[in-house]
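Trainee: My structure is below; once you've seen it, I'll send some questions.
The values are calculated or read from the model by the stated rules, or taken from the named source; none is laboratory data. Since the model is a prediction, treat every value here as computed from it, not as a measurement. Here the Cβ is made from the backbone with ideal geometry for all residues, glycine too, and neighbour counts use every protein chain on show.
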Amino acid sequence: MKASKATVNVKTMLIKPLSALVLASSLLAGNAYAAEQPLDRVAAIVDNDVVMYSQYKTRLNEVLQTIRKRGVELPPEDVLRQQVMDRLIIDALQLQIAERSGIRVTDEELAESMATIAERNGLTQHEFEQALTADGLTLQDAQEQIRQEMMISRVRQYRVAERIQVTDQEVQNFLSSDLGKMQLAEEFLLANILIPVPDAATSEDLAKAEKTVTTVVEQLEKGADFSQLAMTYSASENALEGGEMGWRKAAQLPPPFDRMLSSMSVGQVTQPTRTAGGIIMLKLLDKRGDEVMYRDEVHVRHILLKPSEIRSPEETKKLATRLYERLRSGEDFTELAKQFSEDPGSALNGGDLNWIDPNALVPAFREEMARTAIGELSKPFESQFGWHVLQVLDRRSTDSSVQMREQQAINLLRNRKYDEELQLWLRQIRDEAYVEIKNL
């Protein structure tokens with residue numbers, strides 16, 4: 001039972017916006033399908049790349065498998081096919097941009113991401129590979145999908161995030177506003193349906209979009225499943241995931257959604273609203289309240305000794321050990337730090353680092369500090385900077401709401417701008433690209 005559940009989770013995590021993958025056409029459909037499709041062909045030309053039919057068919061099968069596991073009705077075949085092809089085209093364009101920009105994912109980064117996926121699913125590496133096999137994927141296939149997903153994420157960060165600026169005045173205005181005070185206290189789990197409207201929409205374009213919106217609203221009123229409607233009608237990049245957006249602060253969303261959500265109940269859907277990307281409806285799946293923001297701090301002092309041309313690493317370690325013994329025998333820490341420590345930032349203060357956030361320290365120092373009780377000395381240990389002896393003077397948990405709320409406000413304002421900029425950028429690269437879709 002555990003393996004079955006984990007298999008579903010692994011597959012779900014791997015089926016995300018990825019670039020076109022050159023995979024065998026029988027990857028998920030078995031030998032019967034392979035027999036029907038012995039030859040591959042070009043499905044679409046996308047600037048300097050192509051989407052092969054095998055790639056398109058593989059992605060279509062993956063999406064079909066995911067939808068069936070969700071237990072919802074399939075959207076119309078022509079709609080699903082167009083959604084899959086649009087996703088492959090956008091992914092291919094982003095990967096070409098990543099390639100031209102020199103964006104790479106190292107083997108170490110990839111291995112770390114794969115290990116994280118396995119851990120989240122509660123699997124060992126061997127169990128993870130078995131789960132992939134059960135879903136029709138080899139480890140190499142999964143690695144390639146995750147590598148390309150990471151590249152797409154990075155190219156978005158570079159190309160979209162660089163467009164976004166948040167000023168100090170915007171942060172202060174947000175924090176002092178009633179909206180800012182309220183929205184920092186709530187977070188919402190959302191799904192969306194986006195009906196696209198062209199930038200220079202004609203009356204015919206608007207009429208077509210409004211007709212689609214009316215159809216969606218009518219079906220929702222009759223009790224239709226929101227995720228099913230998202231897969232059928234939405235143009236958002238998360239349409240094939242049922243429109244699920246994850247957890248968002250209301251302040252991350254464009255007006256008027258930022259004010260709507262606080263008064264809504266879980267399960268409700270907003271009225272259709274025109275935004276930069278088109279006409280959007282949001283469904284509130286869940287909400288959660290404010291979180292108390294505390295930061296653990298440690299008052300610590302240390303003596304740092306660095307190897308040099310005149311003192312070898314072994315000699316440095318021996319000196320650290322001698323100083324440790326002198327401290328244990330009762331000699332003054334402050335005086336020894338002033339005399340021997342080679343940390344320019346703390347030596348003159350007797351090695352005192354004052355109150356510090358452990359997360360600001362290198363792992364070796366942070367871990368040794370965590371093992372050391374208040375008032376105790378650590379044994380000599382090595383970090384990337386040299387050999388240390390530290391003493392923990394005290395620990396506390398402080399209310400860091402002001403600093404953390406400022407950073408949170410920056411993140412929220414950036415994310416609000418990011419979502420809008422991302423949709424505009426994706427539309428821009430699609431409009432500027434040469435795309436020729438062959439007969440599928």
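Trainee: Identify, by number, the condition in (1) within 26 Å of the chain's Cα centre (by Cα); (2) surrounded by 14 or more Cβ atoms within 10 Å (Cβ to Cβ); (3) under 30 Å from residue 224 (Cβ atoms) that residue 75 doesn't meet.
Mentor: Result: residue 75 fails condition (1) only.
Trainee: Which residues, taken from the stretch 168-220, are exposed (fewer than 12 other Cβ atoms within 10 Å of the Cβ) and assigned to a loop (DSSP other than H, G, I, E, B)?
Mentor: Selection gives 199, 200, 202.
Trainee: Follow-up. Check every one of the strands (runs of 3 or more DSSP E) wholly within the stretch 239-308 and list those with 3 or more residues that are more than 30 Å from residue 335 (Cβ to Cβ) and either among the charged types (D, E, K, R) or in contact (Cβ under 8 Å) with a residue 60 or more places away in the chain (or both). Steps first, please.
Mentor: Details: elements: 244-248, 273-275, 278-288, 294-305.
Ranges flagged: 244-248, 278-288.
Trainee: Can you pull out the residues in the stretch 382-396 that are touching a Phe, Trp or Tyr at 6+ places or on another chain (Cβ under 8 Å) and buried (at least 18 other Cβ atoms within 10 Å of the Cβ)? Walk me through it before giving the result.
Mentor: From the stretch 382-396, those touching a Phe, Trp or Tyr at 6+ places or on another chain (Cβ under 8 Å) are 383, 387-391, 396; that's our starting set.
The answer is 387, 388, 389, 390, 391.
Trainee: Just need a number here: residues in the stretch 339-381 that are touching a residue at least 60 places away in the same chain (Cβ under 8 Å), crowded, with 18+ Cβ neighbours inside 10 Å, in contact with a Lys or Arg (Cβ under 9 Å, 6 or more places away or on another chain) and part of a helix (DSSP H, G or I).
Mentor: Residues flagged as touching a residue at least 60 places away in the same chain (Cβ under 8 Å), crowded, with 18+ Cβ neighbours inside 10 Å, in contact with a Lys or Arg (Cβ under 9 Å, 6 or more places away or on another chain) and part of a helix (DSSP H, G or I) within the stretch 339-381 amount to 0.
Each row is one residue, and each column tells you yes or no for (1) of a type outside the set (A, V, I, L, M, F, W, C); (2) outside any helix (DSSP H, G or I); (3) assigned by TED's automatic domain parsing to the domain that holds residue 238.
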site	(1), (2), (3)
117	no, no, no
123	no, yes, no
127	yes, no, no
130	yes, no, no
136	yes, yes, no
143	yes, no, no
146	no, no, no
151	no, no, no
154	yes, no, no
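Trainee: May I pose another question? Could you pull out the residue among 166, 197, 217, 213 that is under 30 Å from residue 103 (Cα atoms) and hydrophobic (A, V, I, L, M, F, W, C)? Even if it seems obvious, please write down each step before you answer.
Mentor: Working: 197 fails: under 30 Å from residue 103 (Cα atoms); 217 fails: under 30 Å from residue 103 (Cα atoms); 213 fails: under 30 Å from residue 103 (Cα atoms).
One residue alone meets the criteria, 166.
Trainee: Does residue 235 satisfy the condition of being closer than 30 Å to residue 171 by Cα, in the same structural domain as residue 408 (by TED's automatic domain parsing) and touching a residue at least 24 places away in the same chain (Cβ under 8 Å)?
Mentor: Numbers: closer than 30 Å to residue 171 by Cα: no; in the same structural domain as residue 408 (by TED's automatic domain parsing): yes; touching a residue at least 24 places away in the same chain (Cβ under 8 Å): yes.
When the stated conditions are applied, residue 235 does not pass them.
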